[in-house]
1. P(r) tail for the chain, what percent of Cα pairs lie past 28 Å?
2. Can you give me the accessible area per residue for the stretch 1-102, using a 1.4 Å probe, in Å²?
3. Please compute the length gained on full extension between ALA83 and ALA113, using 0.36 nm multiplied by the number of residues separating them and subtracting their Cα-Cα distance.
4. Using heavy-atom solvent-accessible surface (probe 1.4 Å) with all chains present, what is the largest-first order of PHE106, PHE44, PHE199?
5. Over 29 Å between Cα atoms: which of LYS25/LYS162; LYS14/LYS182; LYS121/LYS182; LYS90/LYS144 fall into that group?
6. Please compute the net charge surrounding GLU72, taking Lys and Arg as +1 and Asp and Glu as -1 over other residues with Cβ under 14 Å from its Cβ.
7. Starting from the Cα coordinates of the stretch 1-107, work out the convex hull volume and express it per residue in Å³.
8. Carbon and sulfur: what percent of the chain's accessible surface (1.4 Å probe)?
Amino acid sequence: MENKRTILIVEDDKYIIHFLSVSLKEEAYTFWTAGTVKEALSLFYANRPDLVILDLGLPDGDGLDVVKRIREIASTPVIVVSARQEEGEKIRLLDAGADDYVTKPFYMGELLARIRAALRKAEKSSNGPGSTFEDGDLLVDYEKRRVEVAGQEVHLTPIEYKILCLLIANRGKVLTHHYMLKEIWGYAEGVEAGTLRVFMATLRRKIEKNPSEPEHIVTEVGVGYRFK
C-alpha cells in the first residue's frame, strides 16, 4: 500500500543520505533531500512535508536556524539527527521547537519508529483534542476541567492543571524546564526552575499511585519532563 507521507531530509553527508533514502523508500515514504540551510528552507516552503529529519552541521549555517524558521510558520514534526551529544545542545534544540533528538550513530529501526510516533502525534493534534483524555486510572475531562484518578475526583490548582494539560498535549515528547516555564507562566526569566519542581511534586502526589515511581509523568534528568 502506498505511503503518502512526505519527509524532508536535511543532511550533507552523502553516505547518510543514501542510508536514509534506501530505508525510507522501502517504507514507501515520499522524500526530498537538502544539503544546505537555504535548500532545506526552499524545499520546505515549496512542498510542506509531513516531517523533517534534520542534521545540525550544514555548510551554510546551523540546523537550529532551520528549526526556528520552520516554527515561524508550521508545527511540522522535526527530528534532529546529530553527532552532537552535549546536554545543552539537546536542550537548545528542544526549546527552539524540535520534537525529538537522535544521536549518531543510530539504528534505522529506532529512527523509523520515532518517525511513525511523530507522525501519529501530529495527526492527532491536527484532528483537535477530544473532550476527554484517559491513561490507565487517570481521566481528564477538558470541558468540565475535571480530573479523576481511579474514579475519584482530585482537586488541582490552576497551575497544576495547566502543567498536566501541557504534558498530555505533548505526550511522548520531552519538555524542557525553560519551555514549560514559558508556556505556563508566559515567561521564563525570573521564574526559578525550583518553582516548577514544587508544582510537579504536588501534581504527582495527586495523580500518581507512587510519586517516587511515577507511571504518567517521568523526569528527564537535567532536561525536563515527559508524559509517558
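1. 37
2. Computed with neighbouring chains in place, this is 49 Å² per residue.
3. Stretched fully, the ALA83-ALA113 segment lengthens by 8.9 nm.
4. On the way: PHE106 35, PHE44 0, PHE199 55 Å².
Largest accessible area first, the list is PHE199, PHE106, PHE44.
5. Those over the limit are LYS25/LYS162; LYS14/LYS182; LYS90/LYS144.
6. Cβ neighbours under 14 Å give a net charge of +3.
7. Details: hull volume 10.0 nm³, N = 107.
Normalising the Cα hull of the stretch 1-107 by residue number yields 93 Å³.
8. Accessible surface attributable to carbon and sulfur in the chain totals 50 percent.
The values are calculated or read from the model by the stated rules, or taken from the named source; none is laboratory data. Only a predicted model underlies this, so the values are computations on that prediction, with no experimental measurement involved. Neighbour counts run over all protein chains shown; Cβ positions are idealised from the backbone, glycine included. Accessible surface is based on the protein model in full, side chains and every heavy atom, while ligands, DNA and RNA are left aside. Shrake-Rupley method; radii C 1.70, N 1.55, O 1.52, S 1.80 Å.
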